[in-house]
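Here's the structure, in structure tokens; my notes come after.
The values are calculated or read from the model by the stated rules, or taken from the named source; none is laboratory data. Remember, predicted model here, so these are calculated numbers, not experimental data. We place every Cβ from the backbone using ideal geometry, glycine too, and count neighbours over all the protein chains shown. With ligands, DNA and RNA removed, areas are computed over all heavy atoms of the protein, side chains included. Shrake-Rupley method; radii C 1.70, N 1.55, O 1.52, S 1.80 Å.
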Amino acid sequence: LLMRRVPKAEIARRVEKALALVQLVGQESKLPGQLSGGQQQRVAIARAIVIEPPLILMDEPLSNLDAKLRLEMRSEIRRIHQELGRSTIYVTHDQDEALSLADRIVVLKDGATQQVATPEAVYGRPANIDVARFMGYRNVFAMYLAESPQNGRAFLRSNGFALTGTIQQALDGPCVCAAVRPEDFTVGAEGGENLFEATVRNVEYCGHHSQVNVVTDSGQPLHLRTVTGLKAGDSIRLGVSPDRVLVYPDPH
């Protein structure tokens with residue numbers, strides 16, 4: 001503010017306002033080494049907003065914080081953004097950060113825009129297979145059309161593995177990609193169009209859920225996320241709704 005030749009009285013007002021906004025009142029006299037990681041990050045935010053810019057740019061501001069601080073600062077950044085009422089461009093490689101903070105998300109790949117939409121749209125209906133991969137669709141299958149699509153549905157096959165899915169982009173040939181989120185599989189499914197017998201190969205306990213790797217009887221590996229108690233060697237039946245199997249043209 002001194003370099004911008006702001007009057008001293010105005011500097012004092014702005015500094016007081018910025019410190020109050022980032023909840024650092026009472027910490028004014030501390031040195032950087034006396035502040036926690038979260039407090040240091042709040043100082044950085046205060047320095048950015050104290051000049052009252054029309055647009056705020058944040059480039060992965062939480063990347064060096066531990067998991068607990070990341071969650072705390074994510075909430076703080078959202079609160080500060082809402083109180084300031086100013087546009088903010090926030091760069092991140094973390095899908096959870098993007099979904100929780102954004103009003104609109106721009107997904108970039110190699111410098112080109114892939115999709116611009118609300119978090120709900122990007123999460124539930126990725127524009128292409130690259131966006132789907134970025135948004136957590138870990139199960140991506142190279143398949144081919146077994147018959148002509150009907151009413152937006154595609155009937156797919158690949159080496160004994162069959163799926164019925166929902167077309168997301170105009171298909172330009174028989175080769176396609178299908179994408180499914182790990183959490184969209186149902187363990188113990190009884191009916192539906194996409195049913196598979198599978199064997200559990202590996203289980204990673206993650207607290208409220210487990211990451212499970214299975215192989216279908218046709219030899220297709222699948223990634224699941226489930227709260228169902230499973231262990232390696234279990235035989236299970238899986239199902240997934242055709243609405244949650246997203247079909248895109250083969251990018252190759």
query = Here are Glu97, Glu52, Glu60: which of them is on the phi > 0 side of the Ramachandran plot and either buried (at least 18 other Cβ atoms within 10 Å of the Cβ) or within 17 Å of the chain's Cα centre (by Cα) (or both)?
reply = Glu60
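Could you look through segment 161-179, keep only residues that are open to solvent by less than 30 Å² (accessible area, probe 1.4 Å) and not hydroxyl-bearing (Ser, Thr, Tyr), and pick out the one that is nearest to the chain's Cα centre (by Cα)? Let's see the steps before the verdict.
Here is the first cut: in segment 161-179, the residues open to solvent by less than 30 Å² (accessible area, probe 1.4 Å) are 161, 163-166, 173, 176-179.
If we keep only those that are not hydroxyl-bearing (Ser, Thr, Tyr) as well, we get 161, 163, 165, 173, 176-179.
Working: Phe161: 28, Leu163: 25, Gly165: 22, Gly173: 30, Val176: 23, Cys177: 20, Ala178: 19, Ala179: 15 Å.
Among those residues, the one meeting the criterion is Ala179.
From the list Arg225, Arg237, exactly one residue is surrounded by fewer than 18 Cβ atoms within 10 Å (Cβ to Cβ) and in contact with a Pro (Cβ under 8 Å, 6 or more places away or on another chain). Which is it?
On the way: Arg237 fails: in contact with a Pro (Cβ under 8 Å, 6 or more places away or on another chain).
Matching residue, one of Arg225, Arg237: Arg225.
Just to confirm my filter: which helices (runs of 4 or more DSSP H) fall fully inside segment 44-136 and include at least 2 residues that are touching a residue at least 60 places away in the same chain (Cβ under 8 Å)? Outline the logic, then answer.
Numbers: elements: 67-84, 95-101, 119-124, 129-134.
Passing ranges, in order: 67-84, 129-134.
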query = Which one of Thr113, Thr88 is open to solvent by 40 Å² or more (accessible area, probe 1.4 Å), touching a His at 6+ places or on another chain (Cβ under 6 Å) and β-branched (Val, Ile, Thr)?
reply = Thr88
ask   = If you go through segment 206-219 one residue at a time, do you hit one that is surrounded by 16 or more Cβ atoms within 10 Å (Cβ to Cβ) and within 16 Å of Ser241 (Cα to Cα)?
value = no
ask   = Would you say Ser148 is open to solvent by 50 Å² or more (accessible area, probe 1.4 Å), of a type in the set (Ser, Thr, Tyr) and touching a residue at least 24 places away in the same chain (Cβ under 8 Å)?
value = no
ask   = Quick check, is Gln40 over 30 Å from Asp130 (Cβ atoms), touching a Pro at 6+ places or on another chain (Cβ under 7 Å) and open to solvent by 50 Å² or more (accessible area, probe 1.4 Å)?
value = yes
